[in-house]
Amino acid sequence: MTKDKKFLFSEKPLFEEGGPSLQSVLLLGPPGVGKGTQGKLLSHIPGIFHLSSGDMFRELDEDSELGQLFNQYATRGEFVPDKITVKIWKEYLRSKIEMNFYNPETDLLILDGIPRNMTQAELLSPYINVLKILYMVCEDREVMFERIRGRAVKENRRDDADELVVRYRWDVYKRETEPLIDHYPQEMVRIIDADTIPADVLSQILSAIVPIQKTCFSPSPL
Ligand code: ADP
């Protein structure tokens, strides 16, 4: 354990004022741009913990109150209310830490789908140290709608099956999520060309995050 990493071993518990700040990279991009595909690939890499907010919600027990609430919002293509989202996010992270799936001392947190608007960015800001924004871009909207249509069948996602809902999600993304890009210093934003093969997208992502991983987590030679 090096001295500079000790700050994570804060006296204060996680999610309390003055508690540790999670070293994070945000993965941003419209629905269907391929965040899920990249997320799955990234989650196999040691030292990376990929958190997809969509997967987080889908892991909720469908019969639970929160699971039902999520279903209501998701099938309409709407966001789950911000405060509830952040509360679930905290609990989810806590459980992943307890189960040793995520270790904030050694793992870079990749947040995919959260924060999704300015309010969430503000609610999350005491807990995360945002190191980079990976902005996945695909110029052709229809390519993304096509991917979503495929996903609807393959993954049995109800929110993907309705064309109107998919297009509505796109509008919500443009209105609520895209403005987040301007909220962060532009030198932190790395554009990732998502209109190419998955291996190429992955290679662009890795070239952005490997230096961060090395700086934040490599054991320093003492
Ligand atoms: P996509 O990016 O294709 O829209 P996701 O799997 O990321 O799909 O999200 C599915 C649904 O989960 C969203 O439509 C929304 O209802 C809910 N959701 C996911 N992330 C958030 C978030 N950060 N805040 C509020 N709702 C969210």
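The values are calculated or read from the model by the stated rules, or taken from the named source; none is laboratory data. No experiment lies behind these values; they were computed from the predicted model shown. All Cβ positions, glycine included, derive from the backbone under ideal geometry; neighbour counts span all protein chains shown.
Of all residues in segment 46-74, which are within 15 Å of Leu111 (Cα to Cα) and either within 11 Å of the ligand (Cβ to nearest atom) or β-branched (Val, Ile, Thr) (or both)?
The first filter runs over segment 46-74 and keeps only residues within 15 Å of Leu111 (Cα to Cα), leaving 47-57.
Listed by number, the residues that qualify are Ile48, Leu51, Ser52, Ser53, Gly54, Asp55, Met56, Phe57.
Among Ala208, Ala199, which is hydrophobic (A, V, I, L, M, F, W, C) and over 25 Å from Leu22 (Cα atoms)?
On the way: Ala208 fails: over 25 Å from Leu22 (Cα atoms).
One residue alone meets the criteria, Ala199.
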Original post:
Which condition does Met144 not pass, out of (1) farther than 17 Å from Ser53 by Cβ; (2) surrounded by fewer than 20 Cβ atoms within 10 Å (Cβ to Cβ), if it passes all the others?
Top reply: (2)
**OP:** Evaluate segment 127-144: report whether one residue or more is within 10 Å of the ligand (Cβ to nearest atom), closer than 27 Å to Pro185 by Cβ and free of Cβ contacts under 8 Å to residues at least 60 places away in the same chain.
**Re:** no
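Run down Gly77, Gly113, Gly150 and say which single residue is within 13 Å of the ligand (Cβ to nearest atom), within 25 Å of His44 (Cβ to Cβ), buried (at least 18 other Cβ atoms within 10 Å of the Cβ) and of a type outside the set (Asp, Glu).
Gly113
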Original post:
What number of residues within segment 43-54 satisfy the criterion of being of a type in the set (S, T, N, Q) and buried (at least 17 other Cβ atoms within 10 Å of the Cβ)?
Top reply: 2
**OP:** Check off (1) of a type outside the set (Lys, Arg); (2) at pLDDT 95 or above; (3) over 11 Å from Lys132 (Cβ atoms) for Ile205 and give me the number that stays unchecked.
**Re:** (3)
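Looking at segment 55-71, which of the residues that are of a type outside the set (A, V, I, L, M) and surrounded by 19 or more Cβ atoms within 10 Å (Cβ to Cβ) is farthest from Ile212 (Cα to Cα)?
Residues of segment 55-71 that are of a type outside the set (A, V, I, L, M), as a first pass: 55, 57-59, 61-65, 67-68, 70-71.
From what's left, surrounded by 19 or more Cβ atoms within 10 Å (Cβ to Cβ): 57, 70.
On the way: Phe57: 28, Phe70: 34 Å.
So, considering only residues that are of a type outside the set (A, V, I, L, M) and surrounded by 19 or more Cβ atoms within 10 Å (Cβ to Cβ), the one farthest from Ile212 (Cα to Cα) is Phe70.
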Original post:
Of the conditions (1) over 25 Å from Glu163 (Cβ atoms); (2) under 17 Å from the mean Cα position of the chain (by Cα); (3) among the β-branched types (Val, Ile, Thr), Thr106 fails just one. Which one is it?
Top reply: (2)
Original post:
Tell me, which residue of segment 157-178 that is away from the ligand (no atom under 13 Å from the Cβ) and surrounded by fewer than 12 Cβ atoms within 10 Å (Cβ to Cβ) is modelled with the highest pLDDT?
Top reply: Arg175
Original post:
Which number in (1) among the hydrophobic types (A, V, I, L, M, F, W, C); (2) within 16 Å of the ligand (Cβ to nearest atom); (3) assigned to a loop (DSSP other than H, G, I, E, B); (4) modelled with pLDDT of 95 or more marks the one condition that Leu27 misses?
Top reply: (3)
